[in-house]
Amino acid sequence: MPLTQLREITAASRLDNVRYPIRDLACLADEVALKGHKILPLNIGDPITFDFATPSHLIDAVHKAMRDGKNGYAPSSGIKLALEAIRREAARKGITMVQDVFVTTGVSESVEICLSALVNPGENVLTPSPDYPLYSAVLAKLGIGLNTYDLNEQDGWQPELDDIKAKITPRTRAIVLINPNNPTGSVCSHGMLEQIADLARQHNLVIFADEIYDKLILDDDQHVAMAAVAPDVPVVTFGGLSKNYLAPGWRIGWGIVSGDAAAVKPYVEGIGRLLRSRLCANHPEQYAIPAALDGPQDHLTEVIRKMRSRRDLTVKWCNSTPRVSCVSPRGAFYAYPSIDIPEGDDVFVRELLMQKYVLVVHGSGFGQKPGTKHFRIVFLPDEQILTKAYGAIADFIKERYA
Ligand code: PLP
């Protein structure tokens, strides 16, 4: 057979801006681990990797569903029992004008479907900086340029309202609000939610309220849902089982569309078309949704107790270590310390991994104000691992930047 010189199969150029630094770094960590080093992983927000376990009543519900033969395709929007449970949860959170509810393969798929159903080429979506990189990756895939607004470190990482105002254009369709926030751990104030809702009203924007961490509030205040503050405004609230219910591998998330019925009708129809085109979310796992939302919430007491203690240890270490300082996280399990070093935070993170085997994620992977440098810590590991990791980071800083 004649051998033909095959040409390289190039990937689509719209992928040039698709990055996911959290997982991209894992490849380098694998190489370090292959050399026999034990990595201290402070990089991925998966509680199951540490001393947390999926509540057993959720596992029982999925097991029963599988045994009962719920192993075929599910309805595209999700099974009735799950949709009803999500509506009850929305009501408990004060979300009233619910126009649609759907179940997806994690919040990740909800985000992808909801952005794809909304934005045309040439339009834009406001995303926070720093940002959970899923949003910029999906927008890059859709060929939509980035339009970021700053979170203000001096104001506890609250959104910078003036920056949002300055960035809204006639072609802006939506604003993303991650609350509690990844990567900063900030929780949005009630006043800020109201002001963002006012801007959405004035400019006819959809608000994507990513509230996947809404039950992981570390201080004594309650989480306030954006959709409860702005019942009339088109809001898609994202939630799921990955974080609050410690089941990230099941890939179960959902979206709740609320707001004025007539205003959101065509958008809801668009979302429905995309939901049908991908068949359905995982079927048996959907039976865990009513078990989770309506069942015992006891696991949360223990989860929050552990996270508070690990947050406190983290903040104490940050603020007593030369060149590091940190706004105290108030929700979720991330800290985003600023670091004063004479080189890029990507170099810092890479060298820290190779020399001390501690894995964190560089701030430039999430976005940050020019001139500032950060790294993201996931403080899910127990106190012993955290203490070891923080000791190693402190030694690294002392040795490298003395
Ligand atoms: N949204 C935020 C803010 C996240 O931090 C994550 C995961 O870390 C996701 C969405 C993705 O969630 P899921 O596992 O439901 O796809």
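The values are calculated or read from the model by the stated rules, or taken from the named source; none is laboratory data. Remember, it's a predicted structure, so these values are computed and weren't measured experimentally. Quick reminder, even Gly has a Cβ in these numbers, built from the backbone with ideal geometry, and neighbours come from all protein chains shown.
General observations
- All of (1) polar (S, T, N, Q); (2) touching a helix residue (DSSP H, G or I) at 6+ places or on another chain (Cβ under 6 Å); (3) surrounded by fewer than 18 Cβ atoms within 10 Å (Cβ to Cβ) hold for Thr104 with one exception: (3).
Yes or no, residue by residue, for (1) buried (at least 23 other Cβ atoms within 10 Å of the Cβ); (2) touching a Pro at 6+ places or on another chain (Cβ under 9 Å); (3) without any contact (Cβ under 8 Å) to a residue 24 or more places away in the chain:
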| position | (1), (2), (3) |
| --- | --- |
| Arg276 | no, no, no |
| Glu285 | yes, no, no |
| Glu302 | no, no, yes |
| Ser320 | no, no, yes |
| Tyr336 | yes, yes, no |
| Met354 | no, no, no |
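- The stretch 195-212, residues that are within 16 Å of the ligand (Cβ to nearest atom) and assigned to a loop (DSSP other than H, G, I, E, B): Glu211, Ile212
- Filtered residues of the stretch 188-234 (kept if modelled with pLDDT of 95 or more and of a type in the set (Asp, Glu)): Glu194, Asp198, Asp210, Glu211, Asp214, Asp232
- Against the test of being touching a residue at least 60 places away in the same chain (Cβ under 8 Å) and within 15 Å of the ligand (Cβ to nearest atom), the options Val176, Val103, Val138, Val98 yield a single qualifying residue, Val103.
- Breaking point among (1) within 11 Å of the ligand (Cβ to nearest atom); (2) at pLDDT below 95, for Gly143: (1)
- For the residues Glu153, Glu84, the requirement of being more than 16 Å from the ligand (Cβ to nearest atom), within 21 Å of His223 (Cα to Cα) and either touching a Gly at 6+ places or on another chain (Cβ under 7 Å) or in contact (Cβ under 8 Å) with a residue 60 or more places away in the chain (or both) singles out Glu153.
- Candidates Lys215, Lys265 - the one that is more than 13 Å from the ligand (Cβ to nearest atom), within 16 Å of the chain's Cα centre (by Cα), in contact (Cβ under 8 Å) with a residue 12 or more places away in the chain and surrounded by fewer than 24 Cβ atoms within 10 Å (Cβ to Cβ): Lys215
- Matching residues, the stretch 317-358, being within 16 Å of the ligand (Cβ to nearest atom) and either part of a loop (DSSP other than H, G, I, E, B) or among the polar types (S, T, N, Q) (or both): Pro329, Arg330, Ala332, Phe333, Tyr336
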